[in-house]
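**Q** One structure follows; several queries about it will come next.
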Amino acid sequence: MSVYDELTGTRIRTTAGKLGLPHLAETINEYARRADEAKMGYLDFLDLVLSEELAVRDDRRFRQGLRLSKLPHHKTLDEYDFSFQPELDPRKVKDLASLSFVDGKANAALLGPPGVGKTHIAVALAVAACRAGYSIYFTSLDDMVRSLKAAEAAGRLVNKLGTYLRPSVLVVDEVGYQPLERAEANLVFQVISKRYEKGSIILTSNKTFSEWGQVFGDEVLATAILDRLLHHCEVIAINGPSYRLKNRLQAIERETDVA
Ligand code: ADP
Ligand code: MG
């Protein structure tokens with residue numbers, strides 16, 4: 001490399017740094033070598049540099065988004081075995097994965113007994129939305145209620161509500177595992193009604209909607225919550241065997257076979 005090239009390289013690294021293009025600053029020599037080898041034209045070279053910079057930036061944003069999302073894991077739909085739930089139509093789930101409901105600020109509800117993969121699918125949809133550039137926040141209903149109650153007691157409710165109102169997609173896991181008191185249900189209503197037509201909710205529940213009156217301790221409040229939630233909502237009911245139990249039962253069978 002000539003002295004002239006080295007000077008130019010140094011200047012490009014400095015400029016790229018100032019422009020906030022750290023990837024370009026690190027890889028300019030590599031880019032130049034590839035361009036030489038492929039005898040690339042000016043437009044192709046610029047196209048390569050810019051599109052790689054964008055890909056690196058998207059990837060960084062995706063990983064940062066996943067960190068902030070508090071998702072319990074990052075499972076995808078590819079890891080979900082649809083053959084284990086023959087009553088669940090894969091097309092319905094794959095439709096959701098196109099994320100048009102997120103674009104339309106609508107909701108998705110996954111209902112069914114424990115172990116059928118409600119959280120798995122909710123997380124997979126959230127990961128896909130994160131990859132597409134949407135901000136995500138995951139919470140169980142109980143954690144959300146607990147944290148809103150604590151904030152209310154400390155006079156910081158408005159601030160805390162922001163945690164659940166800001167993200168493009170709020171995942172509310174495990175609605176209905178614990179019945180709520182009236183004041184708690186009211187906090188949930190605030191989140192649901194303030195997000196209505198402003199941002200998506202993906203929720204999972206082991207209860208049918210008709211049981212929500214018991215969950216929220218008040219039929220009127222439950223109806224008000226369901227009214228906002230279900231106005232624009234894709235509902236997927238998974239009524240099948242527990243995947244957790246499947247593995248357990250197979251293990252037990254193996255153990256008893258040996259014995
Ligand atoms: P739920 O939220 O309905 O109780 P989870 O989503 O937590 O169930 O699923 C329990 C465990 O079983 C998780 O590890 C999940 O990844 C796995 N699982 C559930 N259903 C399937 C499936 N059909 N294919 C692959 N893994 C599954
Ligand atoms: Mg779950």
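**Q** In nm, give the distance between the simple-model label positions of N159 and S51, each being 7 Å from the Cα along the Cα-to-Cβ direction.
**A** The modelled label-to-label distance comes out at 4.6 nm.
**Q** Using a/c under 1.5 as the rounded threshold, could you call segment 1-147 rounded, prolate or oblate? The axes a ≥ b ≥ c are square roots of the C-alpha gyration tensor eigenvalues, and prolate needs a/b larger than b/c, oblate otherwise. Write down the numbers at each step before the final one.
**A** Working: a/c = 3.65, a/b = 2.42, b/c = 1.51.
Prolate, because a/c is 1.5 or more and a/b exceeds b/c.
**Q** Return one whole number: the accessible area per residue of the chain in Å², for a 1.4 Å probe.
**A** Values: 15020 Å² over 259 residues.
Counting only protein heavy atoms, the per-residue value for the chain is 58 Å².
**Q** Let me ask another. Need the C-alpha centroid separation for segment 58-125 versus segment 192-245, integer Å.
**A** That distance is 16 Å.
**Q** Pull out a ≥ b ≥ c, the square roots of the eigenvalues of the alpha-carbon gyration tensor of the chain, then state rounded if a/c is under 1.5, prolate if not and a/b is larger than b/c, and oblate in the remaining case. Mind showing how you got there, number by number?
**A** On the way: a/c = 2.72, a/b = 1.73, b/c = 1.57.
Cα axes put the chain in the prolate bin.
**Q** Of all the accessible heavy-atom surface of the chain, with the other protein chains kept in place and a 1.4 Å probe, what percent is carbon and sulfur? List each step's numbers first, then the result.
**A** Values: 8170 of 15020 Å².
For the chain, the apolar C and S fraction of the accessible surface comes to 54 percent.
**Q** Would you please classify the overall shape of segment 120-259 from the alpha carbon gyration tensor, given that a ≥ b ≥ c denote the square roots of the eigenvalues, rounded means a/c under 1.5, and beyond that prolate means a/b larger than b/c while oblate covers the rest?
**A** prolate
**Q** Can you list residues from other chains, or at least 5 along the same chain, whose modelled amide H is less than 5 Å from the amide H of V171?
**A** Y137, F138, T139, I202
**Q** A further question on this structure: Quote the FRET efficiency, to the nearest 0.05, computed for E37 versus D95 with a Förster distance R0 of 45 Å and r equal to the Cβ-Cβ distance. Walk me through the numbers on the way to the answer.
**A** Details: r = 44 Å, r/R0 = 0.98.
Calculated transfer efficiency: 0.55.
**Q** For an R0 of 41 angstrom, estimate the FRET efficiency from the Cβ-Cβ distance between D143 and A251 and round to the nearest 0.05.
**A** On the way: r = 31 Å, r/R0 = 0.74.
Computed FRET efficiency for D143 and A251 comes out at 0.85.
**Q** Further, regarding this structure: Can you show me the helix-derived [θ] at 222 nm for the chain, built from DSSP H runs with n ≥ 4 at -39,500 (n - 2.57) apiece and divided by the number of residues, rounded to the nearest 500.
**A** That calculation yields -19000 deg cm²/dmol at 222 nm.
**Q** Further, regarding this structure: What is the helix-to-structure angle for 219-231, meaning the angle in degrees between its Cα long axis and the longest Cα principal axis of the chain, kept from 0 to 90 and rounded to the nearest 10?
**A** The angle comes out at about 30 degrees.
The values are calculated or read from the model by the stated rules, or taken from the named source; none is laboratory data. This one's a predicted model, so the numbers in the text were calculated from it and none came from an experiment. Cβ atoms come from the backbone with ideal geometry, glycine included; neighbour counts cover every protein chain shown. For accessibility, only protein heavy atoms count, side chains too; no ligands or nucleic acids. Shrake-Rupley method; radii C 1.70, N 1.55, O 1.52, S 1.80 Å.
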